[in-house]
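Presented below is the structure to which this report refers.
The values are calculated or read from the model by the stated rules, or taken from the named source; none is laboratory data. The structure presented is a predicted model; accordingly, all values stated were derived computationally and were not measured. Cβ sites come from the backbone with ideal geometry, for glycine too, and all protein chains shown count toward neighbours. Areas reflect the complete protein model, heavy atoms only, side chains present, ligands, DNA and RNA absent. Shrake-Rupley method; radii C 1.70, N 1.55, O 1.52, S 1.80 Å.
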Amino acid sequence: MTEVKLDDIVSLAKRRGFIYQGSDVYGGLSGTWDYGPLGVQLKRNIMNLWWKHFVDDREDMYAVDAAILMNQKVWQASGHVDTFVDPLCEDTVNHRRYRTDHILKDKGISPDGMTMEQMDAAIAENGIKSPDGNPLSESRTFNMMFKTNVGATFDENSISYLRPETAQGIFTNFKNVVDTFYPDLPFGIAQQGKAFRNEISPRDFVFRSREFEQMEIEYFVNPEHWQEAFDELLASTHDFLRKLGLPDEKVHELDVPAEDRAHYSKKTIDIEFDFPIGKEELLGIAYRTDFDLGNIQRVSGKSMEYTIKGTNDKFVPHVIEPSFGVERALMAVLSTAYREDEVNGEKRTYLALPEHLAPVRYAVSPLLKNKPELVEKAREVYKALKAKYGNVMWDDNGNIGKRYRRQDEIGTPHCVVIDFQTLEDDTVTIRDRDTTEQKRVDGKSL
Ligand code: GAP
């Protein structure tokens with residue numbers, strides 16, 4: 001197996017048009033990333049696979065697409081205004097700011113379970129300085145929500161936030177979905193969309209960004225049955241990760257201790273993955289109890305109770321929440337697929353992406369682009385494949401060898417070449433990305 005470094009992934013992603021630095025032309029904007037033509041397709045394939053697995057293939061899932069800007073009461077009731085904070089310390093000389101837990105982690109000290117005061121004490125005891133060698137300030141809390149104002153009046157009432165999780169757009173629509181669809185418990189509401197966090201130190205490529213995408217489910221249950229639902233969604237999550245092509249041995253479960261769980265969670269299993277940056281959180285599954293619906297009920301004064309059909313049995317449902325980050329899934333997929341080998345004495349880089357995730361499924365080329373009869377035939381094959389699969393690329397740049405190398409790097413499983421024999425018998429050459437083997441097959445069989 002190739003040992004993958006983060007720099008390899010970053011450089012391939014930029015070189016081949018997967019992911020660029022956000023606002024690159026103006027020197028960038030830290031923590032933001034733009035997806036290029038291949039990145040968009042890969043991301044969409046991952047999101048569509050998730051949607052199929054968790055929404056389309058189930059009978060108990062509903063979907064919403066809520067507004068990103070929400071009434072500020074949402075974030076007061078959810079606890080985010082008061083508790084969605086990270087510990088921040090400052091270089092006392094140049095005033096650069098850092099996450100205190102990251103400073104400790106970078107020195108090999110685990111901040112897990114430490115209070116902010118304990119982190120400061122660990123910094124003092126170990127004589128830890130800022131990355132520039134200067135003393136660090138005491139830590140303070142920093143709220144990660146991006147604040148904005150809605151409308152033409154800038155006052156306390158116009159404050160809103162870019163949502164830091166998609167979840168609240170689901171909770172606030174719980175009653176709407178119940179009243180319009182009358183689903184039986186248990187049922188889930190799923191949503192995919194952007195989330196924003198003013199991370200103190202965005203880092204590790206798209207792993208920790210300020211703008212990213214989430215795929216979340218709030219699964220509403222009778223509190224007596226929360227554990228069954230938790231176990232079922234955990235098992236289904238592992239199935240999904242296999243569909244992404246992630247090897248089981250790189251996927252780990254962490255039962256998050258109480259002191260490290262989010263303020264709303266009674267149990268959390270983080271799924272960690274062996275990324276090139278080490279073992280880190282890929283996604284989380286949390287038992288959020290009735291924390292959110294209970295808070296909405298309290299603050300809005302509207303009942304969030306669910307009545308079991310045909311009975312007077314009413315209660316506020318409890319919630320299991322599988323929460324996925326798209327960027328981390330994409331990083332896991334890319335780092336799993338990245339390979340280096342040697343072909344005919346030359347170093348080759350390729351992405352062994354599963355066919356259903358590859359941004360380009362087939363690349364079609366004429367053997368020689370100055371032979372109109374070959375180009376015409378190749379266009380015919382290209383159009384037929386494109387009508388069938390959609391993500392098919394026309395590639396007549398450079399010689400065949402260069403085309404293969406380029407397609408290998410973007411993870412195209414099949415390269416189809418049209419040559420003079422195609423004109424006689426409709427057979428084409430098809431080359432396999434992973435083995436580099438070439439076969440002649442009937443062009444119509446593809
Ligand atoms: N609604 C629950 C929630 O948002 P979280 O653990 O804060 O929980 C869920 O986030 C997932 O979102 C994470 O497991 C990760 O995949 C992704 N995520 C969180 N912060 C991120 C960031 N700054 N950049 C990229 N992905 C992030």
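Across the stretch 366-421, what is the total count of residues that are acidic (D, E) and open to solvent by less than 70 Å² (accessible area, probe 1.4 Å)?
Let us first name the residues in the stretch 366-421 that are acidic (D, E), namely 373, 376, 380, 395-396, 408-409, 419.
Those still in the list that are open to solvent by less than 70 Å² (accessible area, probe 1.4 Å) too: 395-396, 408-409, 419.
Selection size over the stretch 366-421: 5.
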Exercise. Looking only at helices (runs of 4 or more DSSP H) that fall completely inside the stretch 1-117, which ones have 2 or more residues that are closer than 27 Å to N134 by Cβ and out of contact with any Cys (no Cβ under 9 Å at 6 or more places or on another chain)?
Worked result: 100-106
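Being among the hydrophobic types (A, V, I, L, M, F, W, C), more than 29 Å from T289 (Cα to Cα) and open to solvent by less than 30 Å² (accessible area, probe 1.4 Å) is true for just one of I109, I103. Which residue is that? It would help to see each step written out before you state the result.
Details: I109 fails: open to solvent by less than 30 Å² (accessible area, probe 1.4 Å).
Among I109, I103, only I103 is among the hydrophobic types (A, V, I, L, M, F, W, C), more than 29 Å from T289 (Cα to Cα) and open to solvent by less than 30 Å² (accessible area, probe 1.4 Å).
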For this session: With the checklist (1) open to solvent by 10 Å² or more (accessible area, probe 1.4 Å); (2) within 15 Å of the ligand (Cβ to nearest atom) in hand, flag the one item F240 doesn't pass.
Result: (1)
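Being within 20 Å of D7 (Cβ to Cβ), within 36 Å of the chain's Cα centre (by Cα), in contact (Cβ under 8 Å) with a residue 60 or more places away in the chain and open to solvent by less than 20 Å² (accessible area, probe 1.4 Å) is true for just one of A358, A337, A329, A352. Which residue is that?
Values: A358 fails: within 20 Å of D7 (Cβ to Cβ); A329 fails: within 20 Å of D7 (Cβ to Cβ); A352 fails: open to solvent by less than 20 Å² (accessible area, probe 1.4 Å).
Being within 20 Å of D7 (Cβ to Cβ), within 36 Å of the chain's Cα centre (by Cα), in contact (Cβ under 8 Å) with a residue 60 or more places away in the chain and open to solvent by less than 20 Å² (accessible area, probe 1.4 Å) holds for just one of A358, A337, A329, A352, which is A337.
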Problem set entry | Inter-residue pairs, beta-carbon under 7 Å, first farther than 22 Å from T237 by Cα and among the small types (G, A, S) and in the stretch 198-222, second assigned to a loop (DSSP other than H, G, I, E, B) and near the ligand (Cβ under 9 Å from one of its atoms), 6+ apart | S209/G31; S209/P202
For this session: Give the residue that is nearest to the ligand (Cβ to nearest atom), with candidates limited to residues of the stretch 202-224 that are surrounded by fewer than 21 Cβ atoms within 10 Å (Cβ to Cβ) and of a type in the set (K, R).
Result: R210
Seminar exercise, completed: Going through (1) part of a loop (DSSP other than H, G, I, E, B); (2) surrounded by fewer than 21 Cβ atoms within 10 Å (Cβ to Cβ); (3) within 16 Å of the ligand (Cβ to nearest atom) one by one, L246 fails only at (2)
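Please indicate, with yes or no, whether at least one residue in the stretch 424-434 is in a strand (DSSP E or B), at pLDDT 95 or above and open to solvent by 70 Å² or more (accessible area, probe 1.4 Å).
Filtering the stretch 424-434 for residues in a strand (DSSP E or B) gives 427-432.
Filter once more, keeping what is at pLDDT 95 or above: 427-432.
When the remaining residues are screened for being open to solvent by 70 Å² or more (accessible area, probe 1.4 Å), the result is none.
The answer is no; no qualifying residue exists.
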Problem set entry | Which numbered condition V343 misses (of (1) open to solvent by less than 30 Å² (accessible area, probe 1.4 Å); (2) closer than 28 Å to K5 by Cβ; (3) modelled with pLDDT of 95 or more) | (3)
Exercise. Any residue in the stretch 296-309 that is closer than 20 Å to N222 by Cβ, within 16 Å of the ligand (Cβ to nearest atom) and not charged (D, E, K, R)?
Worked result: yes
